[in-house]
Amino acid sequence: MDVTAVIWDWNGTLLDDVAFSAALLNRQLTRHGCAPLEGGLAAYRRVFRFPIEEYYRDAGFDLARTPYGQLAEEYMAIYEPESRDCPLQPHARAALEGLRDAGLTQVVLSASEEKLLLRQLAHYGLAEGMFAQVLGLSDILGRSKAEMGRAWMEQSHVDPACAVMVGDSVHDWEVARAMGT
């Protein structure tokens, strides 16, 4: 079967924000008296996972001392304005435009909070005419996006065998499996 739909992850996949996110995590760990992750992006990738609350615990935060919700708010207060300096991945725009011009349905499926996601897409000039749907979470807590992906597959009537999920994390693979893509 031919591919008719591409479901994109945003952070790390289209937006090149992984190094920034790793550095921000270390800033936050240090601010809370925790040891920063050593080993650069490799160390960050080893601990990164969903739900984000578990990743924070694995990174070294004492969630009994500082609740995860507070840490998430602190992170987002810095992430949102400073992430505007992160570039799109090389060739991301060309790939998106090429797939759009070829008539494929494109969707963004992100664990980011939906309003932030929409602001970021607008900032990069991707809010209009690129995606059939933009799917983000209702809060900043970074839980799984698998259920949202399954719901979209059901309501879209896209044959999962004709859809491809493009992402950069183990969670994206888990979501693709959950959607049957």
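How high is the relative contact order of the chain? Use alpha-carbon pairs under 8 Å, at least six apart in sequence, and give a whole percent.
34
Rounded to two decimal places and with Rh computed the Kirkwood way over Cα pairs, what is Rg over Rh for the range 65-131?
Rounded to two decimals, Rg/Rh equals 1.08.
Using the C-alpha atoms of the chain, what convex hull volume per residue, in cubic angstrom, is computed?
112
Amide H to amide H, which residues 5 or more places from W8 or on other chains are under 5 Å from it, using H placed in the peptide plane?
For W8, whose amide H was placed from the backbone, the distant partners under 5 Å are V107, V108, L109, V166.
What number in nm² do you get for the range 113-181 if you take the convex hull of its Cα atoms and divide its surface by four?
The Cα convex hull of the range 113-181, projected and averaged over all directions, gives 5.0 nm².
Read the figures in this text as sums done on the coordinates, not as results from a lab. Because the structure is predicted, anything quoted here is derived from the model rather than measured.
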